[in-house]
Structure formats: structure tokens, C-alpha cells
């Protein structure tokens, strides 16, 4: 998520400073500060003298329009904006931070910050101050316990940070060739199913699964420090009750999942790919990641169209049985669960805005079906 959006959602500048001051990299907490430039549209924070070469990840992400003339303009704007000569001039604001981070490109994120080392040999992920520990704990656990050839290797980690190898690649949704995108999607799904999902599947009965979901959600939405919309808790509970009431499964397959398994989190370089940003990792209904990728639900398309696209796409996969009505209900349960985890935080000016909309969409969908 870009800083321009983060600033609307939370006190990003304060969270940024608090996170960096308290992290394990900060050694001069109160004596040595310098000014850093913030570019809220290219999503970076950097010292004015930081080398241009460390900005390659942003060049890959923001210079890839599918329209040729827009791509040229984007490329020019990005290269000028990251240059030492114009970085401060074209920046949107400045912030005083510890000088320990002068050699890092700092990139904003939903629940975490990413720091790229000057030589791009590694990147460091920091849990933002005030965010739940699961956004780093589950990431570490899923990658340490499972040998995933398509995930960056974790080099070291702590309770609120991890350091991983850097992978040079372009997001899958930025590729120009649709046939290549489709080919990579097939390969990504195959690797994900065989290396993680199928190996970690366990069966829960309906009561166990429901209890697991409800307990997790209650622990999030009843936090007294949240600022939320009125009656949102009742709406969430009513939506889950409606879903579980019509769910007929006696046994439910759950497995480790990435959680945000969308094209933007799949980096491609030549014939290699890596899946990044495992912050939403958790044990969920085993088809959830495949649903996120194939339905393209993260692109903002309507819920019913996303479900229809998923059913069409999944029918070509020989490793997955035909999707049932109960499978769709389980995917809706997991999508609502994901939304709550993303949309409720002590850092937010107001929690539950997106989740409220999703609840109404889900209730409309199941009532029409």
C-alpha cells in the first residue's frame, strides 16, 4: 500500500518514526538524526545521498504500464524522482529519523516496513509499531518449517523483524505478455499446492473450525483500543452466523496459506519466480490461496464475478476436485476473516470500513443463491 493511502488511514509519520527508533537496527536513538525524503506516490523514504541503484525494486514496480506512451512517461518520472539531484525537490515531505537508516531504502507497507540494503543483497522487514505480532510470527514460522523453493530465504529473524534474501524481479501483474502470466500462474499454483498446501493439510470438524474462526475474530474486534464504526461487530457476527448456518461440511480441510496470494506478490525474473510478502500467513481452508490468485479478487472486481472466475479457472486444474457450494461458503468465511485481520488495527483512524462493505456483499450473495 502506497504512503499516500497509508497517510489517510493512520498517523504514518509517527508510526514510521516509532518503529525505526525502537527496532534492533537503531543504535543512536536520541543523539544522531538526519532528514529523509518521503515520496508518497512512489512509496519510499530515503536519505538524500542514498545511491540510485537501490531503487531498482521501485523501478520494476512503477515503470510497467501496458500503454506504451504511459510506460515511457512513468519511466522518466520514476528515474527523475529517485535521482539524487531531484529526489528532495520532487519529494512530498521530509522527516527527521535516526541516521542508522541512511544506507537503506525504506518502503511503506500495510502492517510492516521493508528496508532494502544499499547493495540490494538483502531486505529487512520490520513490524510496524502497534500492529499484531502475528504479521511477523506466522511469516517466520511458515517459511522456517517448510522448504519452499519459491519463497525468499529467511537469513535471520527476531520477535518483530526478519531479514531475507533479495530477489530481483518484476510483479507478475506488470508483465506485458498475457500468455506468460497464464503460464506462470499454472507453475506457481503447482508449486504452492505440492510444496506447501498438500503437505500441511489437516482435517477439522465443523465445530472445531467454527470455534477457531470465531475465537480469533472476537479477539480482534473486541479490542477496546480500536476506533471503529458503530454496530460493525454485530454485522460481522451476523454474517459469520449466516455462513456457518448453511455450511454443511462435517470435515474441513485446512492448511498453511499465504493469505494474499495475488499476482502483485509474485516476482518474476527470466525463468524464475518468488512469492513475497507472507505477512498474512495463517492456517485456512486449503483452497483459499488458489481462490485469491485465480479469482483476481484483490483487483477490486465484484464478489460474484470473482467467484465465477475462480470456478471457471479452477476447473482446468487436475489436482483439485470440483468446487462445491460448501467450498464457496468456506472461501467466503476466509475472505471475511482476511478482511478483518487487515481492516482492524489500533493504528487506524477508523477500523472496519472495508469489512462492513464486504459483509453486505456476502449477505447479498448467499441470499441470492
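Where a number appears in this text, it was derived from the coordinates with a stated rule and is not lab data. Bear in mind the structure is a predicted one, so any value in this text is a computation, not a measurement. Every residue, glycine among them, receives a Cβ derived from its backbone with ideal geometry; neighbour counts consider all protein chains shown.
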field: Computed label-point distance, nm, for sites residue 49 and residue 144 using a 7 Å Cα→Cβ extension
entry: 3.7
- prompt: When the chain is modelled as a GNM with alpha-carbon springs shorter than 10 Å, which of 282, 149, 324 fluctuates the most?
  reply: 324
query: How do 157, 13 line up, fewest other C-beta atoms within 10 Å first?
result: 13, 157
query: Once both labels are modelled 7 Å past Cα along the beta-carbon direction, what's the residue 34-residue 198 spacing in nm?
result: 5.2
task: Could you state the angle between the C-alpha long axis of helix 232-246 and the longest principal axis of the C-alpha atoms of the chain, as a value from 0 to 90 degrees rounded to the nearest 10?
output: 40
- request: Give the angle, between 0 and 90 degrees and rounded to the nearest 10, that separates the Cα long axis of helix 68-82 from the longest principal axis of the Cα atoms of the chain.
  value: 50
query: How much FRET efficiency would the formula 1/(1 + (r/R0)^6) give for residue 237 and residue 191, where r is the Cβ-Cβ distance and R0 is 56 Å, rounded to 0.05?
result: 0.90
- line: A correct fewest-to-most ranking of 337, 238 by other Cβ atoms within 10 Å would be 238, 337
- line: With the label point 7 Å along the Cα-to-beta-carbon line of residue 14 and a cut-off under 13 Å to each amide N, the hits in the stretch 332-359 are 346-350
message: If packing is taken as the average number of other Cβ atoms within 10 Å across a peptide's residues, how do 108-119, 15-26 rank, most packed first?
response: 108-119, 15-26
- line: Computed over the chain: longest principal axis from alpha-carbon atoms vs helix 206-221 long axis, angle to nearest 10 degrees, is 40
statement: Proxy exposure order for 369, 270 (fewest C-beta within 10 Å first) is 270, 369
